[in-house]
Amino acid sequence: MATPGLSPSVPTIAATDERPELAVLDAATLRAALMRMHLIRKFEETAEASYMRGLIHGTMHLSIGQEASAVGAILPLRPDDYILSTHRGHGHCIAKGADPALMLAEFFGKENGYCRGRGGSMHIADVEGGNLGANGIVAGGLPIAVGVGMSIKMQKQDRVCMVFFGDGATNEGAFHEALNMASIWKLPVVFVCENNKYGMSMDIAFAMAVPHVADRASAYAMPGVAVDGNDLPAVAAAARVAIDRARTGGGPSLLECKTYRWRGHSKSDRNLYRTKDEIETWRKRDPIRLLEAELTELGRFEATELAAIEKAAISEIESALEFAKASPDPDPSQLTRDVYAD
Amino acid sequence: MPIELATAATTEVRELSYAEAIREGLAQAMEADPRVFLFGEDVGVYGGAFGVSGDLHKRFGPERVIDTPISELGLAGAAVGAALTGMRPVLEIQFSDFITLAMEQIVNQAAKIRFMFGGKASVPMVVRLPAGSGTGAAGQHSQSLEAWFAHVPGLKVVQPSTPHDAKGLLLAAIDDPNPVLIFEHKLLYKTKGHVPTAPYRVPIGQAIVRRQGRDVTIVAASIMTLRALAAAERLAQEGIEAEVIDLRSLRPIDFATIAASVAKTGRLVIVYEGVKTMGIGAEIAAMVAENEVFHALKAPIVRLGGADSPIPYNPVLEKATVPQEDDIFKAARRLAGPEQS
């Protein structure tokens, strides 16, 4: 951070000083953020292991390695704000405060899962908690966010709608239609692109003519900011600016979190399009360990305290798994019950 | 619900056009319920491509009658998002053909969200779709795609044939907690009929017998109802009494009314403007074939549908593409005429 008037090459903050993005986050907030990142990691590892053991079927899209972007972007939201999520949406769901036990029950297709076993991994929603749903269609949530923004504005509420999508979604027409409409109507929407470099196997560098997704914001006259998506304080700081802008009538913003998924696109992925070295390089930038290292280095948390947070997350997911396994299956006679509302 | 049903005792009735009836319904819904708004391409100052919204933008302002960019996919998604969070959006898709640009949001999102979320959300949105041929607008502005949507669980699909039903089905659709698609026929916008002044609803999922008859059942929808009724008058001159059923709703479909009529007449003609192959006629014929009423049939079922062709530009060809009054008359006469009984 440079002080005005000084050359940017002159460091004004010593390396051991706390950066402002981190300094604004108090201990309770950081503890909660770390807990949610651990919950996401353990949740997905557990889901993956359950799949490997044949306990659950279907497919899933894991966000392991992307936890800081989900938790960081949602951190400045209020509980009554809305999010819309993606097929890689477990992280957003947990970050918004969903109960991992009800999520795992949904994975297991159980009646007491979030969607009563009708949605599964790709359609988890927690409407009461402000999560208007994951989405199996790339860019499916983007136009919906426009309508949520219109609704907030028409009802004269001061809520914000944050919509997540991947880099691949930015080549869908829905992305461009949604950003344009949100901008002309100055809607309280925050567009969060989790750029994990690949749309399934297609490298974004080959799929998009501009270097950054954030560059595309200029076509819609809204701020476009790219941040290190593995840096939770950086993501949270950028998200806070966009959320404040949306809440105070300034209109939408586009936030690009550059991150990486450690796992393949889905269960069918054989990693033919990327190298082990590349994956390894990103694994060294584990968003959870990066934050933990910075916090211990600054002396804000003891290593034992951090270990206790992780242990609490492991224990919560273990009980969630037991809950999911013990939950009842849906009754086939109720199959069409919720096709229509009465 | 915010809109009171009209009662016969209190209701004044006068002549309105189909377009005016829809506009009156929109106005009454917006007056009664602040959650209702209309949006779409050129629905504001222009008054709608077919003049349906007319002066509504002056009466309700640009925040409730909203001109939009040409972004059908985005608009359909916006309707989903607004409906999910407490509003009652009414979206006009300028020509029903353009719904093809919005299929993703209608079919994958609007129709499925409630089910996929385990019944924990609902999507009370209305999409108005000017449809049908007869205007010389050729292949991309004349289609009848309603059967596509009737194939999708989670959607409701209606096709009003009269000004009375255009208003009543619109108000029912706005009150409905599900996504409802209203296919309005462009050739009907200027047709006139009796419309009660007060708000009222025509129940979605109820067909109506427009004409009683003992000899042959003609099941129709939208403008085909008018052609079927005209054909029935000619048939009557030859001593054939046709019963004409106006479906009004395709999904849910009122099979009970169809079955009761077929049980009486033993003969069935199904007439619809959408392409005949894999269309609503096939579904209705199959429903009859699967039902006990099949045994009442005295003759094979006849389907009259659109030709297996895009709608052509040339007016003679265009007319030849979809069933006309004379086609219905001839088909019913063949089925129920003296040589058959």
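When the alpha carbon gyration tensor of segment B:208-340 is reduced to an equivalent ellipsoid, the three semi-axes, largest first, read 22, 18, 13 Å.
Computed from backbone phi, the HN-Hα couplings of segment B:206-211 come to 10, 7, 9, 7, 7, 8 Hz, rounded to whole numbers (Karplus: 6.51 cos²θ - 1.76 cosθ + 1.60, θ = phi - 60°; Gly and Pro given as x). Legend: helices of chain A (whole DSSP H runs) are marked when their alpha-carbon atoms reach 18 angstrom or more along the helix axis and their mean Kyte-Doolittle hydropathy is at least 1.6; nothing is marked.
Cα axis of helix B:72-84 to longest principal axis of chain B: angle in degrees, 0 to 90, nearest 10? In chain B, helix B:72-84 runs at an angle near 70 degrees to the longest axis. Between the C-alpha center of segment A:192-252 and that of segment B:120-136 there is a gap of 34 Å. Seen against the Cα atoms of chain B and their longest principal axis, helix B:325-336 is set at about 40 degrees. Each residue of segment A:327-337 was assigned a 3J(HN,Hα) from its phi angle through the Karplus expression (A = 6.51, B = -1.76, C = 1.60, θ = phi - 60°), giving 6, x, 6, x, 8, x, 5, 9, 3, 8, 3 Hz with x at Gly and Pro.
Restricting the count to DSSP beta bridges whose residues both fall in the protein assembly as shown, what percent are antiparallel, rounded to a multiple of 5? Spell out each step's value before the answer.
Working: 13 of 67 bridges.
Approximately 20 percent, going by the DSSP bridge assignments.
Cα axis of helix B:163-175 to longest principal axis of chain B: angle in degrees, 0 to 90, nearest 10? Orientation of helix B:163-175: about 50 degrees from the principal axis. Put simply, the amide H of A:GLY199, placed in the peptide plane, has neighbours under 5 Å in A:ILE204, leaving out anything fewer than 5 places away on its chain. Taking the DSSP bridge list for chain A and keeping only pairs wholly inside it, about 10 percent are antiparallel. Each residue of segment B:85-91 was assigned a 3J(HN,Hα) from its phi angle through the Karplus curve 6.51 cos²θ - 1.76 cosθ + 1.60 (θ = phi - 60°); the sequence is 10, x, 9, 10, x, 10, 9 Hz, with glycine and proline shown as x.
Residues whose amide H comes within less than 5 Å of that of A:GLY166, counting only those at least five positions distant or on another chain, are A:ALA139, A:GLU194 (H built at 1.01 Å from N in the peptide plane). Once the Cα-Cα distance is subtracted from the 0.36 nm per residue extended length, the B:LEU187 to B:THR277 segment shows a gain of 30.1 nm.
Take every DSSP beta bridge with both residues inside segment B:183-300 and express the antiparallel ones as a percent of the total, to the nearest 5. Can you show the working numbers first?
Details: 3 of 12 bridges.
Looking only at bridges with both residues in segment B:183-300, the antiparallel portion is about 25 percent.
A cut-off of 5 Å between modelled amide H atoms, ignoring neighbours fewer than 5 places along the same chain, links A:ALA134 with A:SER85, A:ILE124, A:ALA125.
Throughout, read-outs are computed from the coordinates displayed, never taken from laboratory work. Just so you know, these numbers come straight off a predicted model, no measurement behind them.
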